[in-house]
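The values are calculated or read from the model by the stated rules, or taken from the named source; none is laboratory data. What you see is a predicted model; the values in this text were computed from it and never measured. So basically every Cβ, Gly included, is an ideal-geometry build from the backbone, and we count neighbours across all protein chains shown.
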Amino acid sequence: MTTLITGGSKCGKSRFGERILDLYSGQKIYIATMQPFGEEAHMAIERHRRQRQGRGFTTMEVYRDLVSAELPDNCGVLLECLGNLCANEMFSTGKMSGAADRIMDGIKHVAEHAEELVIITNQVSSDGIDYPEGTAEYIAVLSEINRRIAVLADCVIECVYGIPVMMKGELPC
């Protein structure tokens, strides 16, 4: 089963995704995509580690090239988060074109191994603000990826103020 969880910044997406995988009894993998640049990133990483502590997750750091992640079959995966993965694919490699296809290939690769896949993403395209070209392209690419995953996902949830709102499918927990 594939679940996509979206929402704004610090709205409870990660906690809800972890709660879904709390019910999973097999091996659980947390794919971390945030490159630890700067104090704020280190603080977010530490906050997420504390949230997962004692919940049975093995952490894999995969900043880009998700298709190369070596995963055991029939595992549960929490992919955190598409926003970071998209930025890494677009800006860290210098290969901005094709980022959506590379990420979708990686998502399909993970889904082939995962019995339960929870993907965390960000809702970045609804503020109506005009951004510089690079940022606007990032927003467009992430929005495309979100749309493509939503089509493939069994369940799509938007977290609003910590409250999960079903957009597609049924609540997994």
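Some notes on this structure:
- Arg50 without any contact (Cβ under 8 Å) to a residue 24 or more places away in the chain and surrounded by fewer than 20 Cβ atoms within 10 Å (Cβ to Cβ): yes
- Single residue of the stretch 1-44 satisfying the filter (of a type in the set (Gly, Ala, Ser) and more than 22 Å from Met90 (Cα to Cα)) that is surrounded by the fewest Cβ atoms within 10 Å (Cβ to Cβ): Ser25
- Scan of the stretch 1-27 for residues that are touching a Cys at 6+ places or on another chain (Cβ under 7 Å) and of a type in the set (D, E, K, R), ordered by number: Lys13, Arg19
- Condition check for Glu158: acidic (Asp, Glu), in contact with a Cys (Cβ under 7 Å, 6 or more places away or on another chain) and closer than 21 Å to Thr3 by Cα: no
- Helices (runs of 4 or more DSSP H) lying entirely in the stretch 1-88 (those with 3 or more residues that are closer than 20 Å to Ile149 by Cβ and among the hydrophobic types (A, V, I, L, M, F, W, C)): 13-22, 82-87
- Subset of the stretch 65-79 (residues that are on the phi > 0 side of the Ramachandran plot and either touching a Ser or Thr at 6+ places or on another chain (Cβ under 9 Å) or surrounded by 15 or more Cβ atoms within 10 Å (Cβ to Cβ) (or both)): Asp65
- Only one of Ala111, Ala136, Ala140 that is under 15 Å from the mean Cα position of the chain (by Cα), of a type in the set (A, V, I, L, M) and assigned to a helix (DSSP H, G or I): Ala111
- Any chance Thr59 is over 24 Å from Tyr24 (Cβ atoms) and modelled with pLDDT under 95: no
- With respect to being in contact (Cβ under 8 Å) with a residue 60 or more places away in the chain, among the charged types (D, E, K, R) and surrounded by 12 or more Cβ atoms within 10 Å (Cβ to Cβ), Glu89 falls outside the description.
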